[in-house]
Amino acid sequence: DAKTTQPTSMDCAEGRAANLPCNHSTISGNEYVYWYRQIHSQGPQYIIHGLKNNETNEMASLIITEDRKSSTLILPHATLRDTAVYYCIVSNAGGTSYGKLTFGQGTILTVHP
Amino acid sequence: DAGVTQSPTHLIKTRGQQVTLRCSPKSGHDTVSWYQQALGQGPQFIFQYYEEEERQRGNFPDRFSGHQFPNYSSELNVNALLLGDSALYLCASSSLESGNTIYFGEGSWLTVV
């Protein structure tokens, strides 16, 4: 699976949009971009994933660049409960690595009042 | 619809002992993966079970073994426990037929003393 690079930490004011970047310059054509978050002492929570088109769900939006070498997770109106570690993961969903996610260190997002 | 459930939530074992952790996948999922998360680190893939067989394995010693039952539930066994096995053990479930989303349980906290 391709390696991802994320900032170690980010801050965001409550009510503002949180934009979390991720670089995955070695991504291959059949690899998806997944985002998970983990609140202290809990299991990782699925947020969103995409292949090449931008995606939106009730939690967030995922913007993938046209060359697919980077992506941004957008939390449109951050709340204090969004404070967590956010992981960007590239995985060959449906391929030989199906179901295997390689986690990096993630981005610690802190939402301030 | 129950998500991924794990038991026990917390346990303490003595070095050299054996432990069994259990996981029930999300309804409709047939693939179970196990991860180990040491304090301050991202989750690390241990192995994956599908159709009652180990399909993929990460870089973990043979002391780590597993089993999947006909109802898709799974067990993780760790023999000859070491202090370094103290971690959060996460179970994740998925199904190719249900899409590419992988869901995690809340984990089992293992402390080896």
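The values are calculated or read from the model by the stated rules, or taken from the named source; none is laboratory data. Everything numeric in this text was worked out from a predicted model, so none of it was measured. Neighbour counts are summed over all protein chains in view; Cβ atoms, including those assigned to glycine, are modelled from backbone coordinates with ideal geometry.
So that you can scan it fast, the table gives a plain yes or no per residue for (1) surrounded by 13 or more Cβ atoms within 10 Å (Cβ to Cβ); (2) modelled with pLDDT of 95 or more:
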{"position": "B:GLU52", "(1), (2)": "no, no"}
{"position": "B:ARG55", "(1), (2)": "yes, no"}
{"position": "B:GLY58", "(1), (2)": "yes, no"}
{"position": "B:GLY66", "(1), (2)": "yes, yes"}
{"position": "B:LEU76", "(1), (2)": "yes, yes"}
{"position": "B:LEU81", "(1), (2)": "yes, yes"}
{"position": "B:ALA87", "(1), (2)": "yes, yes"}
{"position": "B:SER94", "(1), (2)": "yes, no"}
Original post:
Cβ-Cβ below 9 Å, separation at least six or inter-chain, first residue in region B:7-25 and in contact (Cβ under 8 Å) with a residue 40 or more places away in the chain, second outside any loop (DSSP other than H, G, I, E, B) and of a type in the set (Lys, Arg): which pairs?
Top reply: B:SER7/B:ARG22; B:PRO8/B:ARG22; B:VAL19/B:LYS13
Original post:
Restricting the search to region A:51-94, which residues are under 17 Å from A:GLY29 (Cβ atoms), among the β-branched types (Val, Ile, Thr) and loosely packed, with under 14 Cβ neighbours inside 10 Å?
Top reply: A:THR65
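Scan region B:13-43 for residues that are within 14 Å of another protein chain (Cβ to nearest Cβ) and assigned to a strand (DSSP E or B) and jot them down.
Taking region B:13-43 and keeping what is within 14 Å of another protein chain (Cβ to nearest Cβ), we get B:21, B:23-26, B:29-43.
Answer for region B:13-43, where residues must be within 14 Å of another protein chain (Cβ to nearest Cβ) and assigned to a strand (DSSP E or B): B:LEU21, B:CYS23, B:SER24, B:THR31, B:VAL32, B:SER33, B:TRP34, B:TYR35, B:GLN36, B:GLN37.
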Subject >> Index of the failed condition, B:GLN17 passing every other in (1) farther than 20 Å from B:GLU106 by Cα; (2) within 14 Å of the chain's Cα centre (by Cα) >> reply: (2)
**OP:** Quick one: which residue in A:PRO21, A:PRO44, A:PRO76 is closer than 23 Å to B:GLY40 by Cα and out of contact with any Cys (no Cβ under 9 Å at 6 or more places or on another chain)?
**Re:** A:PRO44
Original post:
Looking at region A:6-31, which of its residues are at pLDDT below 95 and surrounded by fewer than 19 Cβ atoms within 10 Å (Cβ to Cβ)?
Top reply: A:SER25, A:THR26, A:SER28, A:GLY29, A:ASN30
**OP:** Look at region B:47-81 and say how many of its residues are away from chain A (no Cβ under 14 Å), of a type in the set (A, V, I, L, M, F, W, C) and not in a loop (DSSP other than H, G, I, E, B).
**Re:** 3
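Quick one: how many residues across region B:82-107 are part of a loop (DSSP other than H, G, I, E, B) and within 13 Å of the chain's Cα centre (by Cα)? Working first, answer last.
The first filter runs over region B:82-107 and keeps only residues part of a loop (DSSP other than H, G, I, E, B), leaving B:82, B:86, B:95, B:99-102, B:105-107.
Imposing the further condition that a residue be within 13 Å of the chain's Cα centre (by Cα) reduces the set to B:105-107.
The number of residues fulfilling the criteria is 3.
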**OP:** Would you point out which residue out of A:ILE47, A:ILE89, A:ILE74, A:ILE39 is more than 22 Å from A:LYS3 (Cβ to Cβ) and either within 11 Å of chain B (Cβ to nearest Cβ) or not aliphatic (A, V, I, L, M) (or both)?
**Re:** A:ILE39
